[in-house]
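See below for the structure under consideration.
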Amino acid sequence: MSGGMAKGMRGGVLAATVLLAACGGGVRYRPVSDVPVKIGKPYSVRGVTYVPAADPTYDYLGYASWYGSESGNQTANGERFRPKAVTAAHTTLPLPSYVEVTSLDSGRTILVRINDRGPFARNGRIIDLSRGAAEQLGMHVQGVAPVRVRIANPPEKDRKKLREGKDAPERPRVPESVLVKWRAQLVAGK
């Protein structure tokens with residue numbers, strides 16, 4: 001076979017592969033990006049209506065769970081879910097948003113990028129973390145843990161790390177005296 005013919009066949013195979021990938025009926029994933037930010041319309045899950053909204057004062061105590069077996073699924077933000085990335089699901093914050101998540105057990109605080117919707121369990125859960133986020137926070141063994149979730153406006157270098165699926169630098173640990181107060185507030189339902 002001549003070099004030109006072999007080159008033409010390789011080009012044809014490449015074109016067919018690209019065409020098949022494009023026509024395969026697969027999901028079209030959005031590139032990982034911080035723009036556009038999506039607020040979204042109200043939606044209902046299991047009889048509960050959620051109203052997405054920007055909330056620059058978001059600061060709540062509750063419980064975090066984690067998920068990780070949905071590798072490759074499409075997030076509500078249109079991105080491919082990556083279990084090892086430090087991401088999360090939230091019912092109402094804009095997509096994407098950045099939050100600081102603090103473990104009320106250890107005081108460890110991490111930065112997390114929200115790119116999905118959830119959790120939809122009605123047991124005080126306020127955020128679902130990816131496996132990577134749960135591991136970085138140190139709660140992947142227990143499955144559900146008490147947390148504080150607070151909206152954040154991190155520097156671009158930290159945002160970039162999270163968009164690339166890497167851990168952001170850990171935040172300063174919260175002192176035990178503050179954790180004791182937060183635990184009491186969580187138990188009291190405040």
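Readers should treat all values here as calculations from the given coordinates under stated rules, not as data from a laboratory. Bear in mind the structure is a predicted one, so any value in this text is a computation, not a measurement. Heads up, the Cβs are rebuilt from the backbone with ideal geometry, glycines too, and the neighbour counts pull from every protein chain shown.
Quick notes on this one:
- Ascending count of other beta-carbon atoms within 10 Å, so fewest first, for Ser106, Ser44, Ser130: Ser44, Ser106, Ser130
- Pairs of lysine residues in the range 43-188 - Cα separation under 27 Å, sequence separation of 8 or more or cross-chain: 5
- Free of any GluC sites (Glu not before Pro) that DSSP assigns to a loop and that have at most 16 other C-beta atoms within 10 Å, the longest stretch within the chain is 71-163.
- Of the residues Phe120, Phe81, the one with the fewest other Cβ atoms within 10 Å heads the list, and the complete ranking is Phe120, Phe81.
- The computed Cα extents along the principal axes in Å for the structure shown corresponds, within [x] 78, 37, 30; [y] 61, 47, 40; [z] 63, 34, 34, to [x].
- Whole-Å semi-axes of the range 107-159's equivalent ellipsoid (Cα gyration tensor): 19, 14, 11
- The loop-placed trypsin sites (Lys or Arg not before Pro) in the range 29-125, going by DSSP, that have at most 11 neighbouring Cβ atoms within 10 Å of their Cβ come out as Arg46, Arg122.
- Considering only Thr57, Thr91, Thr102, the Gaussian network model of the chain with Cα springs below 10 Å gives its largest mean-square fluctuation to Thr57.
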